[in-house]
Amino acid sequence: MVLRTRKAPMNFTTMAQLDVPQGRNGKHKQVVTKILSDLDQLPVGSALKVPLAELAASKERVRSALNRATHKGARHVSTASDATFLYVWNEAE
């Protein structure tokens with residue numbers, strides 16, 4: 001007696017792994033990129049004032065995305081906020 005195994009049909013299409021897009025452009029990439037660019041030009045002892053009304057997402061989500069980006073880049077940044085602004089500055093080394 002010979003047992004035959006049948007493969008289940010594929011549920012999704014396939015593609016070459018080389019053609020898979022690499023990198024992640026998350027929802028907050030644009031604002032985080034702007035903040036990091038401004039931090040690069042920020043004088044010591046100054047902080048950025050990012051208006052919360054201009055953020056597409058909540059300050060918590062933007063702060064989390066910024067935290068991930070700064071840790072990935074081995075940067076030391078601090079944040080604070082009030083009802084109107086998210087404040088961001090480079091930590092003293």
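The values are calculated or read from the model by the stated rules, or taken from the named source; none is laboratory data. The shown structure was predicted, so the numbers you read here are calculated from the model rather than taken from an experiment. All Cβ positions, glycine included, derive from the backbone under ideal geometry; neighbour counts span all protein chains shown.
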### Message
Going through Thr79, Thr33 one at a time, which residue ends up being surrounded by 10 or more Cβ atoms within 10 Å (Cβ to Cβ), among the polar types (S, T, N, Q) and in a strand (DSSP E or B)?
### Response
Thr79
### Summary
The number of residues in the stretch 50-76 that are loosely packed, with under 10 Cβ neighbours inside 10 Å and part of a strand (DSSP E or B) is 1
### Query
Taking only pairs six or more apart or across chains, which ones have beta-carbon atoms under 6 Å, a first residue in the stretch 1-18 that is at pLDDT 85 or above and part of a loop (DSSP other than H, G, I, E, B), and a second residue that is surrounded by 10 or more Cβ atoms within 10 Å (Cβ to Cβ) and not hydrophobic (A, V, I, L, M, F, W, C)?
none
### Query
So how many residues does the stretch 82-93 have that are within 19 Å of the chain's Cα centre (by Cα) and surrounded by fewer than 10 Cβ atoms within 10 Å (Cβ to Cβ)?
0
### Query
Can we say Leu39 is of a type outside the set (Val, Ile, Thr) and surrounded by 10 or more Cβ atoms within 10 Å (Cβ to Cβ)?
yes
